[in-house]
1. Filter the range 34-88 down to the residues that are within 16 Å of the ligand (Cβ to nearest atom), closer than 17 Å to Gln7 by Cα and of a type in the set (Val, Ile, Thr) and list them by number.
2. Where residues in the range 89-112 are in contact (Cβ under 8 Å) with a residue 12 or more places away in the chain and surrounded by fewer than 16 Cβ atoms within 10 Å (Cβ to Cβ), which of them is nearest to the ligand (Cβ to nearest atom)?
3. Would you tally the residues in the range 47-99 being within 25 Å of Gln150 (Cα to Cα), within 13 Å of the chain's Cα centre (by Cα) and not in a loop (DSSP other than H, G, I, E, B)?
4. How many residues does the range 1-33 hold that are more than 16 Å from the ligand (Cβ to nearest atom) and more than 22 Å from Ser148 (Cα to Cα)?
5. Restricting to the range 135-156, name every residue that is surrounded by fewer than 17 Cβ atoms within 10 Å (Cβ to Cβ) and aliphatic (A, V, I, L, M).
6. Would a scan of the range 38-46 turn up a residue that is out of contact with any Gly (no Cβ under 8 Å at 6 or more places or on another chain), at pLDDT 95 or above, under 23 Å from Val189 (Cβ atoms) and in a loop (DSSP other than H, G, I, E, B)?
Amino acid sequence: MKSEELQALAAQLLNCNACPLRKDAIAPVGWFGNADSPIVFIGEGPGGVEDNYGCPLIGPSGQLLDKALWAAKMTRDRVLTTNIIKCRPKGNRTPTIEEGKQCAQLWLEKELSIIKPTVIVALGSVALHYLGSPELRITRARGQWFKSAQGFDCIATFHPSYLLRLAGHDQVVAKWNVFHDLEEARKKVLEITPTYQLMSQQPTDLFSLFKKR
Ligand code: SF4
């Protein structure tokens, strides 16, 4: 079963010491969600709150993502969220392309080979650069379908942390862009797996599921 395979992988991930990022993090942060989900959301890497709780996208960015998912009729318990890089870079800096590649080849690729999603949503530049190409710019590439090297159907959208840095009209426009990208992703998932329930009756309360570690 996929959930058992992911559980076994999570146990291995906790022992990873393959790069210097590990020494500044409490521990690697894996993934959260439904192992049978046909859709996977891939962010950048854990921030401080994520490192504290051991859950991807649980801090302010994650809360905004949850609202966007709810608007697009999806909930975190029914999809799967993960990151390119599993250990929090010191000071929340953006991981380099090389750091992302090393970690993703060790862990994300294994996750994806177990989950075999129908659709991947790349949240922000780091995921876009890994799944697509380092030359792509998120402002131009968002909302357009592309194939990852592994053959997954991918669409990119803005990372919620980018939305949080915007204000006023720019933020409103960017939020609508994200909403339309999520709707597009949902539409494709339902074309291929029409019976899968992408939404629970309530939003997922991640803070009731994860405690500080
Ligand atoms: S960032 Fe990735 S490769 Fe580096 S120690 Fe953490 S889990 Fe391992």
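1. Within the range 34-88, just Thr82 meets the criteria.
2. Keep residues of the range 89-112 that are in contact (Cβ under 8 Å) with a residue 12 or more places away in the chain, which gives 89-90, 92, 94-95, 97, 99-104, 106-112.
Restricting the remaining residues to those that are surrounded by fewer than 16 Cβ atoms within 10 Å (Cβ to Cβ) gives 90, 92, 94, 97, 106, 109.
On the way: Lys90: 12, Asn92: 14, Thr94: 13, Ile97: 14, Leu106: 5, Glu109: 12 Å.
So, considering only residues that are in contact (Cβ under 8 Å) with a residue 12 or more places away in the chain and surrounded by fewer than 16 Cβ atoms within 10 Å (Cβ to Cβ), the one nearest to the ligand (Cβ to nearest atom) is Leu106.
3. 4
4. Result for the range 1-33: 5.
5. Residue satisfying the conditions is Ala149 alone.
6. Within the range 38-46 (the criterion being out of contact with any Gly (no Cβ under 8 Å at 6 or more places or on another chain), at pLDDT 95 or above, under 23 Å from Val189 (Cβ atoms) and in a loop (DSSP other than H, G, I, E, B)), the answer is yes, since at least one residue qualifies.
The values are calculated or read from the model by the stated rules, or taken from the named source; none is laboratory data. Since this is a predicted model, take the numbers as computed values, not measurements. With ideal geometry, Cβ positions are generated from the backbone for all residues, glycine too; neighbour counts draw on all protein chains shown.
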